[in-house]
1. Name the residue, out of Arg29, Arg52, that is loosely packed, with under 11 Cβ neighbours inside 10 Å and modelled with pLDDT of 95 or more.
2. May I ask you to list pairs of residues, at least six apart or on different chains, whose Cβ atoms are under 9 Å apart, with the first in the range 17-44 being within 10 Å of Phe6 (Cβ to Cβ) and the second being charged (D, E, K, R) and surrounded by 10 or more Cβ atoms within 10 Å (Cβ to Cβ)?
3. Has the range 3-26 got any residue that is open to solvent by less than 100 Å² (accessible area, probe 1.4 Å), at pLDDT 95 or above and part of a helix (DSSP H, G or I)?
Amino acid sequence: MQVTNFVVFDQRLVLVEAVSAELTITQPREIALYGRAFDMLTRRSVTGDAARALIQKEIGARTQPQRWYC
């Protein structure tokens, strides 16, 4: 479960939405950390047909009966 979201506005400001508060990040080294996190998420993202296929695969997995093995 994801419990935070963040928005990188520029090299001066990142807003982090946590469960109980919104954080304003202005320290350059902390902004750089969110920049690296954004870059990592961007590299792992998919769009277009690849995104559609991934979503359809997950929908199919959720509609199949779950088998539990002991």
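1. Step by step, each of Arg29, Arg52 is checked, and only Arg29 is loosely packed, with under 11 Cβ neighbours inside 10 Å and modelled with pLDDT of 95 or more.
2. Qualifying pairs under 9 Å: Leu23/Glu17.
3. no
The values are calculated or read from the model by the stated rules, or taken from the named source; none is laboratory data. As the structure is a prediction and not an experimental result, all values here were calculated from the model. Because the Cβ atoms are built from the backbone with ideal geometry, glycine has one as well, and the counts that use them run over all protein chains shown. Keep in mind that these areas ignore ligands, DNA and RNA; they rest on the heavy atoms of the full protein, side chains included. Shrake-Rupley method; radii C 1.70, N 1.55, O 1.52, S 1.80 Å.
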